[in-house]
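So the structure is just underneath, and the comments pick up after that.
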Amino acid sequence: MLSCSSVFQRVAFMLMAPKLKPQRLHQIAETGAEQLVKKARTMTAESSMKDAFSTYADYLNNFNEKRERVVKASRDITMNSKKVIFQVHRLSKDNKEEVLEKAGKDLEAVRDQHFARLMRELQGTDFWKLRRAYSPGVQEYVEAATFYKFCLSGTLCTLDDINATLVPLSDPSLEPLQINILDYILGLADLTGELMRMAIGRISDGEIEFAQRICQFVRQIHRELMLVVPKMDDSYDMKSKMEVMLQSVIKIENACFSVHVRGSEYIPLLGDDAPTSYLLGAADVE
Amino acid sequence: MMSSAFRNAHLTASRLINPKPFSSSSILHFLPLCSGDASPRRSNPLRHRNSVSPSSSFPFCSISSFCIPMAGGDGQGSHSLEKQFDSFRVQLEESAALREQIRAVVMEIESATRLIQANLLLVHQSRPIPEVIEKSKEKINDLKKFYGRLAEILRECPGQYYRYHGDWRSETQAVVSQLAFMHWLETGTLLVHTEAEEKLGLNSLEFGLETEDYLTGICFMSNDLPRYVVNRVTAGDYDCPRKVMNFLTDLHAAFRMLNLRNDFLRKKFDSMKYDLRRVEEVYYDVKIRGLISGGDIPGVQVTQGQS
């Protein structure tokens, strides 16, 4: 209150007493030199601020550009890994070798062209900093590689296996890019969706055993991941993937169940319609 | 796909039942589909109707090669699979333990920052600035110690700074904002990135202060300034708005040199203009009432001249 009223007093005083002005001018003259010094100081402060910010600007520009390039590489990896997955899905009983051979070559191409590019961008650094930028591509690649490997050999392609194939791509003087556990697990979680499609496709093609093998495999993956998920850093993503995974497992199990219960009824027809039913194997009885 | 398969199955069933009912039932018992021992001996009278396609002379081979020796593949494959996941669990547990350690230190950083902040808030109550700063400075040494400990923890996992960076990010931003405010009170200038690192005893080679975190912290500091100005004016310091306004104008101009992404920092930067506007308003209020005249004349002297 006191300061408030004094403000008003002063306002009134100033309005009524322009006489004070010379005195003030005098003061300005007195402190003129000091003022100049002060002004010079704020000038340098300002320019040093500008200098500092131009280094930040450079840093941010470079980093953002790098991030963009990494995102692009990641997108290309995603796109081409998807193509590999589609290629693997094209397999049926009689074209297995050629389909998988092409898939293997495509996968190699993804590695040589796009993964190598990603590695060049990262230059042995910022693996974790830019993880969010390249994680989707890496996950898709893991999915494609494990999917291919499973259809080829019926086993899981381990993280070490995948990382071993990446080592030759990078400059030996730099720390090689290694796919981290988290991205591997996230990619593996997506694999079950593809395997589910594969299992259903194989069943309608009559390859029941393959479907059952998938069923066992997916069940095993689901069980193992269930133990790992709560220990993951950002398990939110993973939890929703686990839900989807369980749905896939259940779908495969239901399909296997249906075949188990009714299979005897439809297999002969498949022999009828499909030119390559495995029941033909019994042809030697003729 | 499934539905077509079932439709087929249904058709077959109805077809089967008519000609040879016995065969259909015998198949039912004879084809334990999940047994896995798909033997070619499994005979079915119906197969005689099929023409053998040339491409499938070894149909069983192709199947079993898909399902890689069931028994062998299962044993060996699942063993290495289990081994891998066991090692994942171990690794993830290790990283969780590390994170635990980090969090403990971060909590200490957080509480030290809070003490500094509480102390600095005294400037709003017109406590003499040197006294306030002196007290806060003592706490900075604590912060330095904590950051040293953090760097030590991360030395155990080289190259993984950014894996855990999120754990101390927001706390560090708060630290920067307090340091920068203190620095501004003391010198009237902006605490630059390298100075901030120095104050915290960090070196960018090993455990640095992330540029984005520094900039975000500066934005936080700017958020505190309008309140400071208002309280200073109330306390009779009419020069304060001009000083702060000039500083904020420069700072805002400097920030505009940055090409920001559409992220948190951008949002904070956008809010800076409201801080600037508020300070300008206060300055206008003060100036229009003649409490200060030209921008170059320090308010202290104006008061002196009038008294």
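If R0 is taken as 35 Å, the Cβ-Cβ distance between B:R114 and B:D285 corresponds to a FRET efficiency of 0.60.
Full extension of the segment from B:S80 to B:D142, taken as 0.36 nm per residue of separation minus the current Cα-Cα distance, would add 17.5 nm. Take each peptide in B:147-159, A:243-255, count the other Cβ atoms within 10 Å of every residue, and average; sorted highest first, the result is A:243-255, B:147-159.
Mind checking the mean number of beta-carbon atoms from other chains within 10 Å of the Cβ atoms in A:200-210?
Details: counts 3, 2, 3, 3, 7, 2, 3, 5, 7, 12, 7.
Neighbouring Cβ atoms belonging to other protein chains average 5 per residue here.
The length gained on full extension between A:K105 and A:N61, counted as 0.36 nm times the residue separation minus their Cα-Cα distance, comes to 12.1 nm.
Counting only aspartates and glutamates at least 8 places from A:K82 when in the same chain, those with an alpha carbon closer than 18 Å to its own are A:E101, A:D106, A:E108, A:D112, A:E140, A:E143, A:D183, A:D190, A:E194. Per-residue shielding of A:56-62, expressed as the average number of other chain Cβ atoms within 10 Å of the residue Cβ, stands at 5. Every Cα-Cα pair in segment A:62-179 was counted, and those over 17 Å apart are 54% of them.
For segment A:185-194, putting each phi into the Karplus relation 6.51 cos²θ - 1.76 cosθ + 1.60 with θ = phi - 60° gives couplings of 5, 5, x, 4, 5, 6, 4, 4, x, 5 Hz, in residue order, rounded to whole numbers and with x for Gly and Pro. Put simply, when B:110-116, B:258-264 are sorted by average Cβ atoms within 10 angstrom per residue, most first, you get B:110-116, B:258-264.
Coupling constants for segment A:238-253 follow from the phi torsions by the Karplus curve (6.51 cos²θ - 1.76 cosθ + 1.60, θ = phi - 60°), and in residue order they are 5, 5, 5, 5, 5, 4, 4, 4, 4, 4, 4, 4, 5, 4, 5, 4 Hz; glycine and proline get x. Panel note: the C-alpha atoms of segment B:95-203, placed on their principal axes, show extents of 47, 24, 19 Å (largest first).
Averaged over the residues of peptide B:269-280, the number of Cβ atoms from other protein chains lying within 10 Å of each residue's Cβ is 0. Distance between the pseudo-spin-label points of A:S48 and B:S87 (7 Å out from Cα toward the beta carbon): 5.3 nm. Whole-Hz Karplus values for segment A:154-167 come out as x, 10, 8, 7, 7, 4, 5, 4, 5, 5, 4, 6, 8, 4 Hz, taken residue by residue from phi with 6.51 cos²θ - 1.76 cosθ + 1.60 and θ = phi - 60°; glycine and proline positions read x. Restricting the calculation to Cα atoms, every distinct pair contributes to the Kirkwood radius of segment B:161-294, found to be 15.7 Å.
Taken together, the values in this text are just the output of simple stated rules run on the coordinates, not laboratory data. All values derive from a computational prediction rather than experimental measurement. So basically every Cβ, Gly included, is an ideal-geometry build from the backbone, and we count neighbours across all protein chains shown.
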